[in-house]
Every structure is written in C-alpha cells, then in structure tokens.
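Input: a single structure, listed below in structure tokens.
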Amino acid sequence: MSLSLTSSESAEVFGIMEDLTHGYDNAEVRERTGHRLLRLLKADYFASCVWNEESGEFGDGIAINLADDVFFRYEEYFQYRDPITPILQKRKRATPVSAVMAHRKLVKTEFFTDFLAREGMCYGINYYAYSHGRNIGDVRIWRGRHGDEFDQRDADLLDAIGPAFTNAMRRCSLPAIENEGTMVCELVNRFGLSKREAEIARELLRGASDAGIAYRLCISMPTVRSHVQSIFRKCGINRRSQLFARGASIIHQK
C-alpha cells in the first residue's frame, strides 16, 4: 500500500510511530496516540481499551473529549445494545462503522440515539490489535455530526500505524515485573506511600488509566488524580513510565 501524505499528515504519522516505540506505559502511549490520531484523521473523539489478563476482560479505557463515565455506561448497559462492535472486533484491519452497518440504519438504533449521539459521536472507525489470534487492544475514533463518514483512505492511514500500535500493546500487556509486589513494597518503604497510594501505584505499574483505577478501586477521578500527583511528588517523578524505572532501580540496588 502506498499513501501520498501531506506534510502535516507525515508529521503526525512520524510522531505516532515515535510515541509507539518510545516505551511509554500503557495509558500514556494510548493517550498520546489518541491525540495525534484525532489530528491526523480530523476527528473529534477517541477511545481505547486493552485486554486485562488478570480480570479476563477489556478495561483501562482511555477517552479523549468524552465523558469520564463513558466506559462505565457502556459496560453497564449499552454493550448489550451495541450492534456494531462485535462485528468490527472480528476485523483485523481498520474498518469504518459504515462498512458493517449503513449510517441510516445505525441512527435508528437505541445504541446510537441514547449513547453515541448523546456523546456527540456520529461517524466512526475502529482498529483492533491482535496478538497470536487474541484481541489485546483497540482504537475507536469518531467524528461528530458535522463531520463526514470515514473512507478507505482514512482506513489506510489507520492501518499504516496498526502494526506499531499492536507491538506497543503487546509490549504493554506483558507483566511489568515478575516480583511486582516486591516493587510496590520497595516504593512504599523508600518513599513513604500510604496504603491507598500503594494500591494506586500497583495499578499504575500495570498500565491502568485514571478511569480504570477509579472504576476498579471505586473512587472518583479527582481522588485518583490527587493520589497520582502525591505519588509523583513523593517519588520525584513527573510521568507514569518513570514509576517503573524508579521501582526497578531500587530493586537492582539491593
């Protein structure tokens, strides 16, 4: 496949590839990629989930320009009214929603009127990352009602970054460290993390997003963010990926 890119598209694709190979943690790499994909595809909304081996389900959702509770509402109710995702999920290439259901039919569904439209989402395109036959992460991009349906060129652009995204998801799905519990204990002992901060640090080491942590620990998003900032301050770091490096360095010193 050969794509002719504009200078701005080339810059975004290059930036995405750089972010996907940089070694950012699960949440940060998807958030960075999401912002760039919105610019690349001239879209409005981004969502991404990953497979959680421990829970046996998709979670740790990243959402850009969507309500904080969008994943909760989907999981609680609308996943059972969703006529498109089960079909899209079987595709191993970027696929516009219109390729599996005509827009005129989608707009008549409860899923569209009570979920998608209320969030502002109108025209979508999805990409699912597969490793050894298993879906390990996804990219879901939507344009608002003033946008246009995604076309084959949009799908080709998304497919162009697909292998790098899949590799990043594969890397992030590996256990952060075999003795994860030891790492958390060392962080607690060295930096005086509280019990709640230790719980959140463990989730951060697993690549969980703020929304994923809030959902799993049954606390609010502002509370999660407050604890994350406290962890960063105590550990002398300013990004999630540095927490693993900080814990690993303590272990290696012993």
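The values are calculated or read from the model by the stated rules, or taken from the named source; none is laboratory data. In this text the structure is predicted, and so the values were computed from the model without any measurement. A quick note on method: Cβ atoms are made from the backbone with ideal geometry, for glycine too, and the neighbour counts reach across all protein chains shown. Surface accessibility is based on the protein's heavy atoms, side chains included, excluding ligands, DNA and RNA. Shrake-Rupley method; radii C 1.70, N 1.55, O 1.52, S 1.80 Å.
Kindly express, to the nearest 10 degrees and within the range 0 to 90, the angle between helix 195-205's C-alpha long axis and the longest C-alpha principal axis of the chain.
That works out to roughly 50 degrees.
Note the angle between two axes, namely the Cα long axis of helix 26-40 and the longest principal axis of the Cα atoms of the chain, as a number of degrees from 0 to 90, rounded to the nearest 10.
30
Looking at the chain, how many pairs of lysines come closer than 25 Å at the Cα, when each pair is eight or more places apart or spans two chains?
Values: Lys42/Lys92; Lys42/Lys105; Lys90/Lys105; Lys90/Lys108; Lys92/Lys105; Lys195/Lys234; Lys195/Lys254; Lys234/Lys254.
Final tally of qualifying lysine pairs is 8.
Which GluC sites (Glu not before Pro) in segment 1-108 pass both tests, a DSSP loop state and at most 10 other beta-carbon atoms within 10 Å? Walk me through the numbers before you get to the answer.
On the way: sites: Glu9, Glu12, Glu18, Glu28, Glu31, Glu53, Glu54, Glu57, Glu75, Glu76; in loops: Glu53, Glu54.
Passing sites in segment 1-108 are Glu54.
When all C-alpha to C-alpha distances in segment 115-228 are sorted into bins of 10 Å, what percent of pairs does each bin hold, rounded to whole numbers?
Result, from short to long distances: 12, 27, 30, 21, 8, 1 percent.
Please report the spacing between the Cα centers of segment 3-36 and segment 181-254 in Å, no decimals.
That distance is 26 Å.
For a paramagnetic label modelled at 7 Å from the Cα of His22 toward its Cβ, which residues of segment 213-242 fall within the zone defined by backbone nitrogen distances under 17 Å?
237-242
Would you mind giving the average projected area, over all directions, of the Cα convex hull of the chain in nm² with one decimal?
Numbers: hull surface 57.2 nm².
That works out to 14.3 nm².
Within segment 144-164, name every residue whose backbone N is under 19 Å away from a label modeled 7 Å from Cα of Lys42 along the Cβ vector.
144-160
Residues of segment 23-52 with the amide nitrogen closer than 12 Å to a label point 7 Å from the Cα of Leu5, along Cα-to-Cβ, please.
37, 40-41, by backbone N distance to the label point.
Answer rounded, prolate or oblate for segment 8-108, using the Cα gyration tensor with square roots of eigenvalues a ≥ b ≥ c: rounded when a/c is under 1.5, else prolate when a/b is larger than b/c, else oblate.
Values: a/c = 1.85, a/b = 1.27, b/c = 1.45.
Here segment 8-108 falls in the oblate category.
Using a 10 angstrom cutoff on alpha carbons, build the Gaussian network for the chain and name the most mobile of Ala99, Ala164, Ala47.
Looking only at Ala99, Ala164, Ala47, the biggest GNM fluctuation is shown by Ala99.
Under a 1.4 Å probe, what is the accessible area of segment 80-148 per residue, stated in Å²? Could the numbers behind the result be given before it?
Values: 3480 Å² over 69 residues.
Result: 50 Å² per residue.
Counting only protein heavy atoms and using a 1.4 Å probe, what share of the accessible area of the chain belongs to carbon plus sulfur, as a whole percent?
Details: 6220 of 12640 Å².
Here carbon and sulfur together make up 49 percent of the probe-accessible area.
Would you kindly state how much longer the chain becomes between Arg170 and Asn238 on full extension, computed as 0.36 nm times their sequence separation minus their alpha carbon distance, in nm to one decimal? Write down the numbers at each step before the final one.
On the way: separation 68, 0.36 × 68 = 24.48 nm, distance 2.46 nm.
Once the chain is fully extended between Arg170 and Asn238, it gains 22.0 nm.
Using θ = phi - 60° and the Karplus curve 6.51 cos²θ - 1.76 cosθ + 1.60, what whole-Hz ³J(HN,Hα) does each residue of segment 159-168 get, with Gly and Pro shown as x?
My calculation for segment 159-168 gives 5, 5, 9, x, x, 5, 5, 4, 4, 5 Hz in order.
Non-local amide H neighbours of Tyr130 (under 5 Å, H modeled in plane, Pro and chain starts lacking H): which ones?
Ile136
Picking from Cys235, Cys49, Cys172, which is most flexible by a Gaussian network model of the chain using Cα springs under 10 Å?
Comparing Cys235, Cys49, Cys172 in a Gaussian network model of the chain, the most mobile one is Cys235.
Over segment 71-111, what lengths in whole Å, largest first, do the semi-axes of the equivalent ellipsoid take, defined as the square roots of 5 times the eigenvalues of the alpha-carbon gyration tensor?
Details: eigenvalues 67, 43, 9 Å².
Working from the Cα gyration tensor, I get semi-axes of 18, 15, 7 Å.
Starting from the Cα of Phe14, step 7 Å along the direction of its Cβ; do the same at Ala245; then give the gap between the two resulting points in nm.
2.4
Indicate the gyration tensor shape class of segment 111-158 (rounded, prolate or oblate), computed on the Cα atoms with a ≥ b ≥ c the square roots of the eigenvalues: a/c under 1.5 is rounded; otherwise a/b larger than b/c is prolate and the rest oblate. Mind showing how you got there, number by number?
Values: a/c = 3.81, a/b = 1.53, b/c = 2.49.
Here segment 111-158 falls in the oblate category.
Under the rule of -39500 (n - 2.57) per DSSP H run of 4 or more residues, summed and divided by the residues of the chain, what mean residue ellipticity at 222 nm is obtained, to the nearest 500 deg cm²/dmol?
Numbers: 11 runs with 125 residues, N = 254.
Helix-only estimate at 222 nm: -15000 deg cm²/dmol.
Rounding to the nearest 10 and keeping the result within 0 to 90°, find how far the Cα-based axis of helix 241-253 lies from the longest principal axis of the chain.
30
Under the rule a/c < 1.5 gives rounded, and otherwise a/b versus b/c splits prolate from oblate, where does segment 1-47 land using the Cα gyration tensor?
Working: a/c = 2.50, a/b = 1.39, b/c = 1.80.
Oblate, because a/c is 1.5 or more while a/b does not exceed b/c.
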